[in-house]
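Here is the structure we will look at.
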Amino acid sequence: MHLYQNRNLILKGQSEECGNLWLGDFDSARNKRTLKADKINAVITAGLGMKITYHSEIKHKILPLYDSEQ
């Protein structure tokens with residue numbers, strides 16, 4: 001049984017204008033088809049060296065953070 005999801009709904013918006021908060025991995029951030037289907041219009045990338053580009057319909061902010069297991 002495969003339980004892994006590359007994106008999870010963290011907080012459901014109270015209205016259409018408020019929107020939802022999702023947490024996802026690199027693959028989910030690159031999947032423009034599902035971003036559009038879920039009406040996601042802003043993405044925050046937290047990491048280094050991730051080459052993700054969007055057209056103007058998605059606002060994108062990059063936080064250059066280093067991730068370590070230590």
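The values are calculated or read from the model by the stated rules, or taken from the named source; none is laboratory data. Note that the structure is a prediction, hence the values are computed from the model and not measured. Cβ sites come from the backbone with ideal geometry, for glycine too, and all protein chains shown count toward neighbours. Just the protein is used for accessible areas: all its heavy atoms, side chains included, with ligands, DNA and RNA removed. Shrake-Rupley method; radii C 1.70, N 1.55, O 1.52, S 1.80 Å.
Quick rundown of the values:
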{"read-out": "Mean ellipticity per residue at 222 nm, deg cm²/dmol - from DSSP H runs of n ≥ 4 across the chain, formula -39500 (n - 2.57)", "value": "-3500 deg cm²/dmol"}
{"read-out": "Net dipole in debye of the chain [+1 Lys, Arg Cβ; -1 Asp, Glu Cβ; about Cα centre; nearest 20]", "value": "260"}
{"read-out": "Sequence-distant residues sharing a close amide H with Thr45 (under 5 Å, placed H)", "value": "Lys61, Ile62, Leu63"}
{"read-out": "Given charges at Cβ of Lys, Arg, Asp, Glu: the chain dipole, positive-most of Ser56, Thr45, Phe26", "value": "Ser56"}
{"read-out": "Cross-link reach list, aspartates and glutamates versus Lys36, counting only Cα pairs under 20 Å and skipping chain neighbours closer than eight places", "value": "Glu16, Glu17, Asp25, Asp27, Glu57"}
{"read-out": "Extension gain from Gln70 to Leu9, taking 0.36 nm per residue of separation minus the Cα-Cα distance", "value": "19.2 nm"}
{"read-out": "DSSP beta bridge pairing in the chain, given as percent antiparallel to the nearest 5", "value": "45"}
{"read-out": "Whole-number accessible area per residue in Å² for the chain, which is evaluated in the context of all protein chains at 1.4 Å", "value": "91"}
{"read-out": "Built amide H within the under 5 Å cut-off of Trp22, gap 5+", "value": "Ile10"}
{"read-out": "Rounded if a/c under 1.5, otherwise prolate or oblate - the range 1-66, Cα gyration tensor axes", "value": "oblate"}
{"read-out": "Residue-span extension gain [His55 to Thr34] - 0.36 nm each, minus C-alpha spacing", "value": "6.1 nm"}
